[in-house]
Amino acid sequence: MSEQPPVRTALYDEHLALEANMVDFHGFELPIWYSNIKEEHLETRRSAGLFDVSHMGSFRFTGEHVREWLEGLATQRVTAISPSRCAYTHFLDDNGHLIDDMIFAVVSDKELLGVPNASMIDVMWNWFSTHLPEDGSVVLENLSDEMSILALQGPQAKEVFTSVMGDDQHVARFKWRELTDNALGITGWIQGTGYTGEAGYEIFIPNDDAPVLWRALIASGATPVGLGARDTLRLEKGFLLSGVDFCWPPLSQEEDPSFLARDSWETNVPFGLDIEHEFIGRQHVVSHSEDDARWWGVRYIEKGPLPRPGKEVVRDSGESVGRLTSGAPAPSLNNLGIGIGYLQGVKEGDEVLIVASPRKSVRAVVVRPPFF
């Protein structure tokens, strides 16, 4: 365990002023909730939730053929993504194991921006650095320490954001743009991306500007939301969580590291994988048979103890088909139990049992997320 104290984001004092319940999250001191998880979750679904996600990383890639270079590492066909657009991708190691997933933005033919997960910033920095062209034609920069990231998510996100920054600052879903002149004098860029499944933005700004924008968005109607609701929101939409739903074997704390050592085919993600180009780990991805375990959702069809990570999934016969990697009550579905895990030999609509406690197994149906 690290002896270093957790890092505080530029919004730390703002969280304290709102009496947030703070926790150590991957070495960052962040709010788990302000009021309660369910209330913040539902407010994001019906209005606009505001998240401090400054623990996430920020990389810049530049070079004459930077898109072609990244395409050789990524499961996404990077050259097919036009300037001003964002896309999702995985990065696999030589054995086909998923190291990290990432949203990237194509700023121009010669510049990309990427957002590695919080705990993976150093890992991905080293991975990219190892694969840089020897001729120096691609340059990698780490902007993580100097940038804050605010996520504004929900059906009223556009209304709240434009009331603060102006109508001309809006960016469409999975688009990128630089922030232009505005009343707050804030610089940076904005992406029509997020982790909740709702419309909204991720706003990348210098640390000094973060408290100003944070207070202005809250004053205009945004509700501050902590990591607790961020997790239930992403689970309802069936989004992978790095370190929970997959984990690169060298970093795994599992007794059996192979359980979370997965590739893009196994994660069953319907976007971000294009097998029609060469990339590191591709051979493993295309080697699967339909009988191999894949990531599926399960949805309770009766009452019982709620699903939690690690719970086994079985057939009526007692035969195990896998176990959950994520599981929780779904606030948007009246706290119905939902979960996701790597399940073998199932198909959509199959009924299974979740071994939720030593005394109780709960009937559920296999579904393809999203749940909501």
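See the values below:
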item	result
Single match in Thr180, Thr162, Thr193, Thr187 (criterion: open to solvent by less than 10 Å² (accessible area, probe 1.4 Å), farther than 16 Å from Glu43 by Cβ and modelled with pLDDT of 95 or more)	Thr193
Selection count, region 59-75, where residues are surrounded by 22 or more Cβ atoms within 10 Å (Cβ to Cβ), in contact with a Phe, Trp or Tyr (Cβ under 7 Å, 6 or more places away or on another chain) and not in a strand (DSSP E or B)	2
Search result, residues across region 32-41 that are crowded, with 18+ Cβ neighbours inside 10 Å and more than 17 Å from the chain's Cα centre (by Cα)	Trp33, Tyr34, Ile37, Glu40
Cβ-Cβ under 7 Å pairs, at least 6 apart or on other chains, region 117-142 side farther than 22 Å from Asp245 by Cβ, far side buried (at least 18 other Cβ atoms within 10 Å of the Cβ) and of a type in the set (Phe, Trp, Tyr)	Pro133/Trp69; Val138/Phe61; Val138/Trp69; Leu140/Phe59; Leu140/Phe61; Leu140/Phe128; Glu141/Phe59; Asn142/Phe59
Subset of region 193-237 [in a helix (DSSP H, G or I) and in contact with a Gly (Cβ under 6 Å, 6 or more places away or on another chain)]	Lys237
Selection count where residues are open to solvent by 10 Å² or more (accessible area, probe 1.4 Å) and touching a Ser or Thr at 6+ places or on another chain (Cβ under 9 Å), scope region 225-237	4
Count of residues meeting criterion [open to solvent by less than 50 Å² (accessible area, probe 1.4 Å) and closer than 20 Å to Tyr88 by Cβ] in region 111-137	14
Pairs with Cβ under 6 Å, 6+ apart, first in region 206-229 and closer than 16 Å to Val53 by Cβ and β-branched (Val, Ile, Thr), second part of a helix (DSSP H, G or I) and open to solvent by 10 Å² or more (accessible area, probe 1.4 Å)	Thr223/Glu43
Top-ranked residue of region 288-312 - restricted to ones that are touching a Phe, Trp or Tyr at 6+ places or on another chain (Cβ under 9 Å) and within 19 Å of Thr267 (Cα to Cα), ranked as surrounded by the fewest Cβ atoms within 10 Å (Cβ to Cβ)	Asp292
Within region 250-282, considering residues that are under 19 Å from the mean Cα position of the chain (by Cα) and assigned to a helix (DSSP H, G or I), the one surrounded by the fewest Cβ atoms within 10 Å (Cβ to Cβ)	Leu251
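Listed here are the residues, each with its yes/no results for (1) in contact with a Gly (Cβ under 9 Å, 6 or more places away or on another chain); (2) more than 25 Å from Gly200 (Cβ to Cβ); (3) in a loop (DSSP other than H, G, I, E, B).
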residue	(1), (2), (3)
Gln4	yes, yes, yes
Ala10	no, no, yes
Glu14	no, no, no
Glu19	no, no, yes
Glu29	no, no, no
Ile32	yes, no, no
Glu40	yes, no, no
Glu43	yes, no, no
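The values are calculated or read from the model by the stated rules, or taken from the named source; none is laboratory data. Source: prediction; values computed, not measured. Note that we place each Cβ from the backbone using ideal geometry, even for glycine, and neighbour counts take in every protein chain shown. Note: accessible area is taken over every heavy atom of the protein model, side chains too, but ligands, DNA and RNA are not part of it. Shrake-Rupley method; radii C 1.70, N 1.55, O 1.52, S 1.80 Å.
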